[in-house]
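Below is one structure, written out as structure tokens; comments come after it.
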Amino acid sequence: MLDIAIIIFKIVVLTFMVVLPLVPVSVYFERRFSAIIQDRVGPNRVGLPLTLLGFKKDFHLFGLIQPIADGVKLFLKEDFTPAHVRKSFYWLAPALTVIPALITVCVVPFGSPLIINGQEYKLVIADLDIGPLFVFAIASLSVYGITLAGWASNSKFPFIGGVRSTAQMISYEIALGLSIIPVLLYFGDLNLSKIVQYQADHGWLLLPFWGHDDAHTLASKLLFWFPAAIAFLIFTISIFAETNRMPFDLPECETELVGGYHTEYSSMKFAMFFMGEYAAMVIGSAMIVTLFLGGWSMGFGLDAKIADWNIAGFGLAGFIHLGVFMTKLIGFILFFILVRWTVPRFRYDQLMKLGWVVFFEAALINVFLAALIVAAPQLQGAIIGTGAVLLVILTLAVIWVAKVSEEKPKLLRA
């Protein structure tokens with residue numbers, strides 16, 4: 001009974017007090033960040049009108065009340081359902097978009113275990129041994145919500161947006177899955193908590209500069225940095241495509257499809273699509289931080305030094321690591337926002353070409369490269385050389401096929 005109560009408590013705290021508040025906070029960050037980029041002010045006056053109650057000044061607080069104003073606005077807007085839609089699926093679609101993004105929270109380790117009166121409590125809702133697979137399986141379900149929204153709206157532009165989302169998900173889901181295989185080969189585990197702990201002890205995947213026993217171990221880590229960096233690049237860009245963020249927001253492209261799959265939605269149903277996008281961005285950032293940047297780890301050997309810090313039986317390391325994780329997470333959310341307001345939207349043929357012709361082949365070749373590096377200590381020199389030659393030949397063959405199969409623009413003659 002106590003275990004169930006602890007799980008419920010972690011669900012409430014980590015999901016509804018950590019992740020969900022990040023959604024409106026991300027909206028505020030987006031407004032302020034875009035204003036800075038465009039040399040505007042952004043929200044800075046939205047607050048509590050205390051002058052109406054007799055006070056001398058209103059309570060502004062840098063416009064931090066803006067997310068509350070957005071929520072109130074969406075609650076009070078008319079919840080209009082057009083007569084021509086397929087109503088049951090029309091109402092179901094927003095829920096299918098936001099719920100998968102929130103379910104994936106349960107396998108993300110937010111910090112090292114908390115020590116309370118000698119008892120250890122993990123800062124993860126469900127410490128599954130198939131963490132990344134669970135995230136991919138559940139997160140991919142959100143495309144059903146977008147596709148259903150486009151189809152159930154019974155309108156041309158939303159339907160095109162839903163079809164675009166399906167094609168985009170298929171294109172980048174393959175690259176996303178392939179890009180993570182080198183990471184799993186390196187760690188030899190699918191448990192996200194163990195992956196983060198390994199990085200805390202032996203160096204982050206992209207910063208492997210501590211925790212090595214000898215020069216040979218350091219050399220092998222530095223050699224693996226190249227496939228790790230390629231995996232990071234493909235994984236990060238594919239996350240952008242999975243969350244339908246700029247420059248991959250073709251399913252809701254305003255210049256072509258008015259609003260895309262959610263054109264016919266209003267009020268809180270539209271807000272759920274909005275929440276789903278930002279929640280997916282938060283979880284995508286959390287996965288990138290967990291797999292490549294050490295998760296809750298402070299790095300540089302500092303985690304072991306603070307492991308025994310406690311006050312009256314309460315371990316401080318877990319709370320410090322939670323703060324470290326949230327700092328990294330917010331930093332990556334700001335990176336998502338920066339990309340949205342600086343990189344222009346792709347054409348749809350460019351988006352498909354990037355997914356199928358570039359990322360798919362690059363991720364596949366990267367798997368072979370990572371496998372060769374991981375297995376090198378157990379292989380003979382001749383086998384390693386043969387593998388390297390075959391990998392180079394395969395890479396050149398893939399590049400040649402991609403080049404030959406590319407259609408050349410046709411010149412129109414008068």
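Please treat every number below as a calculation from the coordinates, not as lab data. Remember, predicted model here, so these are calculated numbers, not experimental data. Note that each Cβ is placed from the backbone with ideal geometry, even for glycine, and that neighbours are counted across all protein chains shown.
A few notes on this one:
- With R₀ set to 35 Å, the beta-carbon distance separating Leu48 from Lys156 gives a calculated FRET efficiency near 0.20.
- Length-normalised contact order of region 1-157 in % [C-alpha pairs under 8 Å, at least 6 apart]: 21 percent
- Taking 7 Å steps out from each Cα toward its Cβ at Thr327 and Leu206 produces label points 1.7 nm apart.
- For region 45-110, applying the loop criterion from DSSP together with a ceiling of 16 other beta carbons within 10 Å to the chymotrypsin sites (Phe, Trp or Tyr not before Pro) yields Phe55, Phe80.
- Taking a sphere under 15 Å around the Cβ of Val27 and counting the other residues whose Cβ falls inside, with K and R at +1 and D and E at -1, yields a net charge of +2.
- Model label sites at Ala307 and Ser267, defined 7 Å from Cα along the beta-carbon direction, differ in position by 5.5 nm.
- Note on region 1-144: Cα-only Rg and Dmax are 20.6, 61 Å.
- Loop-resident trypsin sites (Lys or Arg not before Pro) (DSSP state other than H, G, I, E or B) in region 295-365 with no more than 16 further Cβ atoms inside 10 Å of their Cβ: Arg347.
- Debye intensity ratio in log₁₀ form over the Cα atoms of region 271-370, taken at each q of 0.16, 0.19 Å⁻¹: -0.94, -1.08
- Under the combined filter of DSSP loop state and at most 15 neighbouring Cβ atoms within 10 Å, region 74-165 retains these trypsin sites (Lys or Arg not before Pro): Lys77, Arg86.
- Estimated from helical segments only, the mean residue ellipticity of the chain at 222 nm is -20000 deg cm²/dmol, where each DSSP H run of four or more residues counts as -39500 (n - 2.57).
- Difference of contour (0.36 nm per residue) and Cα-Cα distance, Gln119 to Lys194: 25.1 nm
- Under the simplified labelling scheme, the Arg347-Ile4 pair shows an inter-label distance of 5.9 nm, with each label point 7 Å from Cα along Cα→Cβ.
- Per-q log10 I(q)/I(0), the chain, q = 0.07, 0.13, 0.15 Å⁻¹ (Debye; single scatterer per alpha-carbon; no solvent): -0.40, -1.24, -1.46
- Restraint check, Lys10/Lys57; Lys73/Lys122; Lys156/Lys328; Lys194/Lys328, Cα-Cα greater than 29 Å: Lys10/Lys57; Lys73/Lys122; Lys156/Lys328
- Taking 0.36 nm per residue of separation and subtracting the current Cα-Cα distance, fully stretching the chain between Phe55 and Leu391 would add 113.7 nm.
- Size of charge dipole - the chain - debye, nearest 20, with Cβ of Lys, Arg +1 and Asp, Glu -1, no other charges: 1220 debye
- Normalised by the number of residues in region 133-260, the average gap of Cα pairs under 8 Å and 6 or more apart makes the relative contact order 31 percent.
- Relative contact order %, the chain, counting alpha carbon pairs below 8 Å whose residues are six or more apart: 21 percent
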